[in-house]
1. Using the Cα gyration tensor of region A:159-212, with a ≥ b ≥ c the square roots of its eigenvalues, what is the shape: rounded (a/c below 1.5), prolate (a/b larger than b/c) or oblate (neither)?
2. How large is log10 I(q)/I(0) at q = 0.10 Å⁻¹ when the Debye formula is applied to the Cα atoms of region B:156-362, each weighted equally and without solvent?
3. Given charges of +1 on the Cβ of Lys and Arg and -1 on the Cβ of Asp and Glu, with all other atoms neutral, how large is the dipole of region B:41-102 about its Cα centre, in debye to the nearest 20?
4. Over 24 Å between Cα atoms, which of A:193/A:323; A:193/A:277; A:277/A:378; A:86/B:189 qualify?
5. Which value, to two decimals, describes the C-alpha radius of gyration of the protein assembly as shown once divided by 2.2 N^0.38 Å?
6. To the nearest 10 degrees, how steep is helix B:353-362 against the longest Cα principal axis of chain B, on a 0 to 90 scale?
7. Once the Cα gyration tensor of region B:54-120 is found, what semi-axes does its equivalent ellipsoid get, as square roots of 5 times the eigenvalues, in whole Å, sorted largest first?
8. Okay, which of region B:167-194 sit inside 20 Å, backbone N to the point 7 Å along the Cα-Cβ direction of residue B:271?
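Each value in this text was obtained by applying a stated rule to the coordinates, not by laboratory testing. Since the model is a prediction, treat every value here as computed from it, not as a measurement. So basically every Cβ, Gly included, is an ideal-geometry build from the backbone, and we count neighbours across all protein chains shown.
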Amino acid sequence: MNLPGNEVRRQAPSGGMLNKIGHVLLAVVIPFVSFFILYLGFLFLRDSKASREVIVLVAIIWGVGGVGLLYWVFNWLVEKLPDPWKGRLLPFVFVGPAVAILSWYLAVPTLRTFYISLFDRNGPPADLNFIQQLLSGSFVGPANYIAVFTEDLMLQAFRNNLMWIVFGSTFSVIFGLLIAVLADRSSFEKLAKSLIFLPMAISFVGASIIWNFIYEYRPAGETQIGLLNSIVTSMGGTPQAWPQWVAVAPWNNLFLIVIVVWLQAGFAMVLFSAALKGIPEEMLEAGRIDGANEFQIFFRIMLPSIQGTLISVWTTIVIFTLKIFDVVWVMTGGQFGTHVIATQFYRQTFTNRNSGFGSAIAIILLVAVIPVMFYNLKQFREQEAF
Amino acid sequence: MRGQKQRKQFGKFLVNLTLLFIIIVWTVPTLGIFVSSFRNRTKIDTTGWWAVLPHREWQAVSELDPKSLDLDPDGIMEIEGISGTFDEFRTGVETPDGKRLTWLGNKRLGRIEVQEQVWAVDWDFSLDNYRQVLGGQDFEFKRPDGTVEVVPGDNMINAFLNSLAVAIPSTVIPILIAAFAAYAFAWMKFPGRRTLFILVVALLVVPLQIALVPILRDYKALNLNGTFLAIWLAHTGFGLALATYLLYNYISQLPRDILESAFIDGASHFTVFTQLVMPLSLPALASFAIFQFLWVWNDYLVALIFLGGNPEFELVTQRMAAIVGARGQDWHLLTAGAFVSMLLPLIVFFSLQRFFVRGLLAGSVKG
């Protein structure tokens, strides 16, 4: 913390012309040296043949330290300025990087992706200007959107994604709520919650391996090493390669959806558990005295009081399942009738290299979350805290 | 009165039982992988991992020589009072006294094993799978029939280091940038403050797929593809809206008088931010850090797109997905690899669970 005296001394004009030139020089040299150091770090990381451990260490120090250094340098520069300028510019030193990055990575891409989606597979030709691009043969207008809603695989993806959204969110919420209610009344609440919650730390790729092992298939007659097939054969059924079981399509998607329920129920449980603990005990007690049984208490008192949490958990999981990608991509690669919107996006954009089509799919995903965006903005306006 | 108490106890018993059942169902998948990662390759391939539990198993007690019994393998044979064809004896025929007769080998040179059921546990654990998935060399395996098979291992150590180099900066950088921005939104006055914050709120749920095509074009133009900087910035961009929003909620609630007295003492915004606001916001920073770390460590899509072309920079998730794709039957590598990839998230998760839950309750839910 600065002492008051410090401030006074710094602002007192001391020294003459020479001192001022010194300050200006310093103001040029320090940023220059900092940028140069950062640039050297970048070159080292890009070209170095040093051992992996060294590169990793340098990367971490350079990345984390570099951002800190940049803030320090810009703040130092602005604080050198006379007072009115300082007050005007300083907020932008603080807020500027965040706004710039958000604009570059999310805000502007919505417009750019929409623009690209109006062109054919190579996107707008880079060597033409805006008007020429619109007049060129690459401009296809709404053709990509028409294709999105008519192509067979896309229709399959929409159907499957609907299944994901409906079953994924419903079962996650039901299990989350059930476990939260049970844990609250059990003798081992903490342990139970930790274990149910644990899958949240596991990656989708890891979860896919875990469940692939459960679904592992060996031809009938051989020893089954997958748990599910082992149970099925011991009860006299025939083993199946469950997610690949095309005969029951589209229901084979459920074998993938289970994985996300397994991952997300813990999330729902934590939020519900906190909400349930927030219900005043007197309210439940009053219900019991009036002769309500536990089921009536649950449906008539508990559910209505956690309605807000219920809605937010539900929307979160809906958005989440809307964008589901990793599980499907690792488990089936979209084969056997399991494509979803995000795997189609990846396939069109990166496998088929059709950026126009891919961008149209991305815009569809964006349109699907716009209601939630408006809801968030409405909530924010109502808070009036800003 | 007593009846009611009994009913209450019975209710509690039912609750505990149901919950226990759900916990088992939820834990068994992970347990299966965990146990299997310590079993040797042949064992994983031939028996279910639940063989580590006590179970009944056939074990040889004596042997019979078909020649001395004078049997005709082409017709119906009678051994120890039971009759059957060669094919039936090949799969094993059970005798009434609980034994099993199994013909091993071919018709002419075979022998008959008399087996009895015994209790057994299959506890032959080792760290071999981990050595193979991390070490990167080839490994020799003896098959039960004596032949030797060479199986290549995998080099996950490299991927692990890369994941560290991606995950740590991708966690710290967005938090730093978001904290500066949140401080400015909360404690500074500047034109456009409200509009810019509305932008942050609106971007909370924008799916990152929207950004991939344009950003990839920019990276190509800037020659950034396949570098650490590229993926740090991408993760920063995709996590920043949420980070700013959450940290704003926390930083704007800090007690006004503490900050004001610091300003009266002549402290600059930068000093107040680094010396006062950051330390006071530690709980909020920690809970978001855990989220961002888990999210980045477990991410597959962003890495696939921005680091995809460069095998040297492969991350743990990419490495695992590659093994699934190319060697999906090598369960000794997959099980051990899956656990290597989960190790760090699980440590972070269990040691910082308190912050994690607090973060969830504050709304750490990414769009």
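1. On the way: a/c = 3.86, a/b = 1.43, b/c = 2.71.
Here region A:159-212 falls in the oblate category.
2. Result of the Debye calculation: -0.52.
3. Numbers: 7 positive and 13 negative charges, 111 e Å.
Its charge dipole is roughly 540 debye.
4. Working: A:193/A:323 27 Å; A:193/A:277 14 Å; A:277/A:378 28 Å; A:86/B:189 13 Å.
Those over the limit are A:193/A:323; A:277/A:378.
5. Working: Rg = 31.5 Å, N = 753, 2.2 N^0.38 = 27.3 Å.
Cα Rg divided by the expected 2.2 N^0.38 Å: 1.15.
6. 60 degrees
7. Details: eigenvalues 93, 28, 20 Å².
Equivalent ellipsoid of region B:54-120: 22, 12, 10 Å, largest first.
8. Of the residues in region B:167-194, B:180, B:183-184, B:187-189 have backbone N under 20 Å from the label point off residue B:271.
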